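As structure tokens, the structure follows; a few thoughts come after it.
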Amino acid sequence: MKEFILVVNDDKDIRRLLGIYLGNEGYRYLTCENAAQALDILEHYQVDLILMDVMMPEIDGISACLRIRERSKMPVIFMSAKTEDIDIIQGLTVGGDDYVTKPFKPIELLARVRAQLRRYKQYNETEKPAHTLQTEDLTLDIESRQVWVSGREVKLTRKEYDILEYMLRNKGQVLAMAQIYEAVWHEEFFCLENAVMMHIANLRNKLNWDNVHPDFIKTCWGRGYQI
């Protein structure tokens, strides 16, 4: 699964250019024109790296990085026309991982993106949280009870979440309706197929929010369901 990159820049031409280069490299990405939008996106998406302009209206890139660093560790690469040493030092001091001055060559920027993602991936492999479950583009956080598909958070009901967590914990196994019901509802199963089927149907619809992914939950006719 290719990493998810957020481009934050108030210049639409730069956003479009970077989108072309990132897309050609196979990266998934979102672009936005200011830091306020970026902070909102980070509430709903799992982002692996941020390309952040420094000089933006209202909230500048330095202030945004400080707020991001309060909760996230993903790499932040600053892009700026400010080339003085003091500006670069400030960007790195507030939590930036790299600083690219304008005008920059997109190919060079992509090389820096790859380098930062490589370091971040190596770090995560050694510091990988034990409270996440994952399959393909689907990630579940047991502690926060949050779920993401392709980096975007998917809001689930309590029962939908419990079903998904149970199935991910038993990934690869075919689970009968009775097994799912008794594990999630904590009571004996007795002709309650409709309850399970309804919740799984709703769960499928939410997980396939972009109509791109095949069903994460497979139906094994006459036997049950499987992830």
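The values are calculated or read from the model by the stated rules, or taken from the named source; none is laboratory data. These numbers come from a predicted model, not from an experiment. With ideal geometry, Cβ positions are generated from the backbone for all residues, glycine too; neighbour counts draw on all protein chains shown. Just the protein is used for accessible areas: all its heavy atoms, side chains included, with ligands, DNA and RNA removed. Shrake-Rupley method; radii C 1.70, N 1.55, O 1.52, S 1.80 Å.
Structure notes:
- Of note, Lys159 does not satisfy the criterion of being among the basic types (Lys, Arg) and not in a helix (DSSP H, G or I).
- The set of residues in region 69-102 that are part of a strand (DSSP E or B) and either open to solvent by 10 Å² or more (accessible area, probe 1.4 Å) or under 26 Å from Lys2 (Cβ atoms) (or both) comprises Val76, Ile77, Phe78, Met79, Asp98, Tyr99, Val100, Thr101.
- Answer from Tyr161, Tyr120 - the residue that is among the aromatic types (Phe, Trp, Tyr) and modelled with pLDDT under 95: Tyr120
- Selection from region 167-225 of residues that are open to solvent by 80 Å² or more (accessible area, probe 1.4 Å), modelled with pLDDT under 90 and of a type outside the set (Asp, Glu): His186, Phe190, Cys191, Asn194, Trp209, Asn211, Val212, Pro214, Gly222
- Of the strands (runs of 3 or more DSSP E) entirely within region 1-68, those holding at least 3 residues that are open to solvent by 10 Å² or more (accessible area, probe 1.4 Å) occupy 28-32.
Residue by residue, here is whether (1) among the acidic types (Asp, Glu); (2) over 25 Å from Gln146 (Cβ atoms) holds:
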{"position": "Arg169", "(1), (2)": "no, no"}
{"position": "Val174", "(1), (2)": "no, yes"}
{"position": "Glu188", "(1), (2)": "yes, yes"}
{"position": "Leu203", "(1), (2)": "no, no"}
